[in-house]
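A quick write-up on the structure given underneath.
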Amino acid sequence: MKPDKKTVLAWLEQVKDPEIPTVSLIDLGVITDVLIDEDNHVTVKMTPTFAGCPAMDYMRNEVEEVLKNKGVTRFTVEMNFDTQWSSNNITEKGLQGLKKHGLAPPPRYQKVVDLDILEHIECPHCGSKQTVMKSPFGPTLCRSLHYCNHCRQAIEQFKPV
């Protein structure tokens, strides 16, 4: 059986970000392409959210495991460091998954990230924008720390990059 791109992408929907189990790598925009050649060799292209992301090997292994379990014997998982990942690559479903996990989703931006969008974010718990950034450095490279003055919750935001 020759898998098609749509089928492989559907299989890969089950591969979740290890730190955000409510978001697939597809919806996070980390899996950027699937190519299948005439010999049924499947190539999955991935772009890390950050070059130093410690979860990349884990995610690559999870993608490989799904392909093996689906009977794909010839495949390559390529890490693409030539194209920078952007938080604008996160799908609408992915943004909702971040919110479901308790993370403030990054806002969409045009061309350059305006530093003002980092300061006042929407609280994923109560929806208030009465928030303040406490630190641009969160528990991982892709998160910043905030506080909601309305519901008095500490929150993390997935950084817009």
Self-check item: Residue check, Glu19 surrounded by fewer than 18 Cβ atoms within 10 Å (Cβ to Cβ), in contact (Cβ under 8 Å) with a residue 40 or more places away in the chain, of a type outside the set (A, V, I, L, M, F, W, C) and not assigned by TED's automatic domain parsing to the domain that holds Glu122
Solution: yes
Quiz prompt | Within the range 1-15, considering residues that are closer than 17 Å to Thr91 by Cα and without any contact (Cβ under 8 Å) to a residue 24 or more places away in the chain, the one nearest to the chain's Cα centre (by Cα) | solution = Glu13
Exercise. Please find, within the range 77-125, the residue that is farthest from Thr22 (Cα to Cα) out of those that are modelled with pLDDT of 80 or more and among the acidic types (Asp, Glu).
Key: Asp82
Self-check item: Index of the failed condition, Leu35 passing every other in (1) at pLDDT 95 or above; (2) under 25 Å from Phe158 (Cβ atoms)
Solution: (2)
Self-check item: Boolean, Thr7 is polar (S, T, N, Q), farther than 15 Å from Gly71 by Cα and surrounded by fewer than 21 Cβ atoms within 10 Å (Cβ to Cβ)
Solution: no
Quiz item: Would you call Cys148 in contact (Cβ under 8 Å) with a residue 24 or more places away in the chain and either surrounded by fewer than 20 Cβ atoms within 10 Å (Cβ to Cβ) or touching a Lys or Arg at 6+ places or on another chain (Cβ under 8 Å) (or both)?
Solution: no
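Yes or no, residue by residue, for (1) among the hydroxyl-bearing types (Ser, Thr, Tyr); (2) surrounded by 15 or more Cβ atoms within 10 Å (Cβ to Cβ); (3) in the same structural domain as Ser128 (by TED's automatic domain parsing):
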| site | (1), (2), (3) |
| --- | --- |
| Ile31 | no, yes, no |
| Val34 | no, yes, no |
| His41 | no, no, no |
| Thr47 | yes, yes, no |
| Phe50 | no, yes, no |
| Pro54 | no, no, no |
| Glu62 | no, yes, no |
| Lys68 | no, no, no |
| Glu78 | no, no, no |
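Are any residues in the range 130-161 in a loop (DSSP other than H, G, I, E, B) and under 17 Å from Leu95 (Cα atoms), and if so, which ones?
Cys142, Lys159, Pro160, Val161
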Quiz item: Of all residues in the range 69-94, which are assigned to a loop (DSSP other than H, G, I, E, B) and within 15 Å of Pro106 (Cβ to Cβ)?
Solution: Gln84, Trp85, Ser86, Ile90, Thr91
Self-check item: Every residue from the range 15-68 that is assigned to a strand (DSSP E or B) and either small (Gly, Ala, Ser) or under 19 Å from Lys5 (Cβ atoms) (or both)
Solution: Ser24, Ile31, Thr32, Asp33, Val34, Leu35, Ile36, Val42, Thr43, Val44, Lys45, Met46
Quiz item: Has the range 59-78 got at least one residue that is among the aromatic types (Phe, Trp, Tyr) and within 11 Å of the chain's Cα centre (by Cα)?
Solution: no
Self-check item: Some residue of the range 42-53 being touching a strand residue (DSSP E or B) at 6+ places or on another chain (Cβ under 9 Å), among the charged types (D, E, K, R) and either closer than 24 Å to Thr140 by Cα or modelled with pLDDT of 95 or more (or both)
Solution: yes
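The values are calculated or read from the model by the stated rules, or taken from the named source; none is laboratory data. This structure is a prediction, so every number in the text was calculated from the model and none was measured. Positions of Cβ are generated from backbone atoms using ideal geometry, with glycine treated the same way; all protein chains shown enter the neighbour counts.
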